[in-house]
Amino acid sequence: MAKSAIINRALLVFTINLLGLLVQPSSAQLRQNYYANICPNVESIVRNAVTAKLQQTSVTVPGTLRLFFHDCFVNGCDASVIVASTASNTAEKDNSINLSLAGDGFDTVIKAKAAVDAVEQCRNKVSCADILAMAARDVISLSGGPSYAVELGRLDGLSSTSASVDGKLPLPTFNLNQLTAIFAANGISQTDMIALSAAHTVGFSHCDKFSNRIYDFGGQAGSIDPSLNRTYSTQLQSQCPRNVDPTIAVALDPVSPRVFDNQYYQNLQQRMGLLSSDQVLAEDSRSRPTVNNWAANSVAFNQAFVAAITNLGRVGVKTNPSEGNIRRDCAVLN
């Protein structure tokens, strides 16, 4: 090998390693029980607000979970996705990829923030970013998933722009390499990515996100994605006929759509992953063993998911007053 080629390869390896160091999740100053002396009952206050919201609509669960994920992958977990646009600024929530975020997710955080601030000791002492992190934990446990201690101490971001979202979130057409890369950009491992994908055990997707799999796949008239269960594809065609109303949505998990469980992986084994980016986890030989393990072992899955969402909650956190503050209104920058 030529000397220049060796040098170039060495530089490439060094750059990749450096990038890996730069994007590692930061847990600086985050800790459990952060508000013990500030707002001692904050976790029960948030949980009660989330419980009340969940009693109104089951959309609270996937809406809040997806909001947390979309927040953390764009400039870190700083509640910037909740900020409303103004006449002079188009915020993250109005980027095209975020327009499908359920209003009930936003409302969950807004209501929990109001409940916290109704306690004088707590008023303007708890960040919207931390409330979102607690609410995400609560919707998981309230829908049958594991409960876990949430690391707290995040500040809310000082900006929110639609442009900052571009290219930061995975698409439903992504293959394993693309999924792995976009999670790695946030310091999250492939194993954690496979675990976090199971958030699709709850919630729904609009027909246009997977219609390419059930109609004219690969540009061939009448063709169906061969990685899709034929009985399931027929069911999907009946739920999403051609030229269907774009507001029509289908459950991501057709078996237990309102329960947070490991059914997601069992569905993948049966080729019943709704999105290409779901099914690829069972089709690719690199990720298939993990899918099979968690499909058979709910305890192992729960443990892996808790570790993964804890790592997600550390992405790009702001703990220095120069980087963030505690927003008085989650939808408005101070």
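Might you let me know whether the range 153-162 holds any residue that is touching a residue at least 12 places away in the same chain (Cβ under 8 Å), assigned to a helix (DSSP H, G or I) and under 14 Å from the mean Cα position of the chain (by Cα)? Within the range 153-162, not a single residue is touching a residue at least 12 places away in the same chain (Cβ under 8 Å), assigned to a helix (DSSP H, G or I) and under 14 Å from the mean Cα position of the chain (by Cα).
Return only the number of the condition from (1) part of a helix (DSSP H, G or I); (2) buried (at least 18 other Cβ atoms within 10 Å of the Cβ) that VAL126 does not satisfy. That leaves (1) as the condition not met. So which pairs qualify, if the first residue must be in the range 207-220 and farther than 19 Å from ASP253 by Cβ, the second must be hydrophobic (A, V, I, L, M, F, W, C), the Cβ gap must be under 6 Å, and the two must be at least 6 apart or on different chains? If the second residue must be hydrophobic (A, V, I, L, M, F, W, C), the pairs left are PHE217/ILE224. The residues of the range 188-232 that are open to solvent by less than 20 Å² (accessible area, probe 1.4 Å), more than 23 Å from VAL244 (Cβ to Cβ) and assigned to a loop (DSSP other than H, G, I, E, B) amount to a single one, ILE188.
Taking the range 167-187, which residues are over 18 Å from VAL74 (Cβ atoms) and in a loop (DSSP other than H, G, I, E, B)?
Within the range 167-187, the subset over 18 Å from VAL74 (Cβ atoms) is 173, 175-177, 180.
Of everything in the range 167-187, those that are over 18 Å from VAL74 (Cβ atoms) and in a loop (DSSP other than H, G, I, E, B) turn out to be THR173, ASN175.
Residues of the range 70-82 that are open to solvent by less than 50 Å² (accessible area, probe 1.4 Å) and in contact with a helix residue (DSSP H, G or I) (Cβ under 7 Å, 6 or more places away or on another chain): HIS70, ASP71, CYS72, VAL74, CYS77, ASP78, ALA79, SER80, VAL81, ILE82. In summary, LEU99 fulfils each of the numbered conditions (1) of a type outside the set (Phe, Trp, Tyr); (2) modelled with pLDDT of 95 or more; (3) surrounded by fewer than 24 Cβ atoms within 10 Å (Cβ to Cβ) with the single exception of condition (2). When the residues of the range 83-96 are filtered to those that are assigned to a helix (DSSP H, G or I) and farther than 22 Å from VAL126 by Cβ, the one that is most open to solvent (accessible area, probe 1.4 Å) is SER96.
Out of the range 79-123, which residues are touching a Gly at 6+ places or on another chain (Cβ under 6 Å) and within 10 Å of SER160 (Cα to Cα)?
Step one: filter the range 79-123 for residues touching a Gly at 6+ places or on another chain (Cβ under 6 Å), giving 80, 102, 104-105.
Correct list: SER80 only.
The values are calculated or read from the model by the stated rules, or taken from the named source; none is laboratory data. Note that this is a predicted model, so its numbers are computed, not measured. Neighbour counts are summed over all protein chains in view; Cβ atoms, including those assigned to glycine, are modelled from backbone coordinates with ideal geometry. Areas reflect the complete protein model, heavy atoms only, side chains present, ligands, DNA and RNA absent. Shrake-Rupley method; radii C 1.70, N 1.55, O 1.52, S 1.80 Å.
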